[in-house]
1. Using r as the Cβ-Cβ distance of S72 and D162, and R0 as 30 Å, what FRET efficiency do you calculate, to the nearest 0.05?
2. Going by amide H atoms built from the backbone, whose H comes under 5 Å of the H on N154, apart from near neighbours?
3. For the pair K225 and Q204, what calculated FRET efficiency results from E = 1/(1 + (r/R0)^6), where r is the Cβ-Cβ distance and R0 = 35 Å, to the nearest 0.05?
4. Calculate one ³J(HN,Hα) per residue across the range 197-202 by plugging θ = phi - 60° into the Karplus curve 6.51 cos²θ - 1.76 cosθ + 1.60, and present them in order as whole Hz with x for glycine and proline.
5. When ranked by the protection proxy of mean other Cβ atoms within 10 Å per residue, highest first, what sequence do the peptides 70-83, 118-131, 47-60 form?
6. Give me a comma-separated list of calculated 3J(HN,Hα) values for the range 150-166, in order, Karplus coefficients 6.51, -1.76, 1.60 applied at θ = phi - 60°, integers in Hz, x for any Gly or Pro.
7. As a footprinting exposure proxy, order R116, R170 by other Cβ within 10 Å, with the fewest listed first.
8. For a quick check: sort I218, I210, I194 by the number of other beta carbons within 10 angstrom, fewest at the front.
Amino acid sequence: MKKQLKILDKIGNNVFQESSEIQNYIMKSETSRLEKFNKTTEKKEGVDRYNEFFTPPEIVEELLSHSDIIDSKNFIKVLEPTAGFGNLVSGVVKARTDILDKGTYIDMIEINPKNRNVLQTLFVDKDPYQFNLLETKNFLEYQPSENYDLIVMNPPFHLKLDLNRGIIDRDMWDIDFIIKAYDMLKPGGEIMGIVSAYLSHGKQQYKKWIKNKKVQIIKKYEGYKWSPTLEKEERGKKSTKLILNFHLIKISKPE
Ligand SMILES: C[S@@+](CC[C@H](N)C(=O)[O-])C[C@H]1O[C@@H](n2cnc3c(N)ncnc32)[C@H](O)[C@@H]1O
């Protein structure tokens, strides 16, 4: 009987050990499935919902090289209204590295909490005097207390109402962001922007505004292969690239 109990005990222990190993295995694979799911959802939310396409460095450089304001003053107040990971912000800083006695103050707005964390770490934590991540998350609700010399922007080309209820009350286009930004410029100020090739979106009131404000197209890109917000190792993979048509624009506000 003792022997039998010993054998049963041993079997019991083995069974217990095996079942906990199986449970561990299931939990591990569930966690990794969940992580994968969360990552995909995050990506989908970034791209589909917020139109997250971060500006590649060569486009940043090209855009800012056409600015009349960027290196013309010692003191400059800048706004990046849809800042993403801050690629345009880095471009502004780089373009002003040679200016002596410079004061470059940059306000950043961003709606996606994930991107806000990046902006906080990359810029604000390093230099809270130069960089400011505004409390306002939705640029479309922003009312500045002081206007800007320069606004650099690559706004969402099309924010869909369906995916953004509670944030917007109709579909919003890049031109809506541009029009709002224009009102935040000081006299003599300038917008340097990246917009879709169809900026008026076929609407008469937008066409009128574009003509009235003398929006200059600096450069047109057709069929540009653009990777949205993806991890480094995924950038460059063919399947992750979108073909985009877009323009670089400049708008100068009269003195
Ligand atoms: C096309 S990406 C450009 C990001 C960055 N400007 C760049 O050039 O790399 C658009 C960014 O706008 C943000 N965004 C979308 N809607 C917004 C809103 N209403 N207010 C502020 N940011 C917004 C997105 O999360 C995304 O980071």
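Taken together, the values in this text are just the output of simple stated rules run on the coordinates, not laboratory data. In this text the structure is predicted, and so the values were computed from the model without any measurement. Here Cβ is always computed from backbone atoms with ideal geometry, including for glycine, and neighbour counts include all displayed protein chains.
1. The formula returns an efficiency of 0.10 here.
2. T82, I194
3. On the way: r = 33 Å, r/R0 = 0.94.
About 0.60, to the nearest 0.05.
4. In residue order, the calculated couplings are 5, 10, 4, 7, 6, x Hz.
5. On the way: 70-83: 20.5, 118-131: 14.9, 47-60: 17.8.
Answer by packing, highest mean first, reads 70-83, 47-60, 118-131.
6. My calculation for the range 150-166 gives 9, 10, 10, 7, 10, x, x, 6, 7, 8, 8, 4, 3, 9, 9, 4, x Hz in order.
7. Working: R116 18, R170 10.
Fewest-to-most ranking of R116, R170: R170, R116.
8. Details: I218 15, I210 19, I194 24.
Taking fewest neighbouring Cβ atoms as first place, the list is I218, I210, I194.
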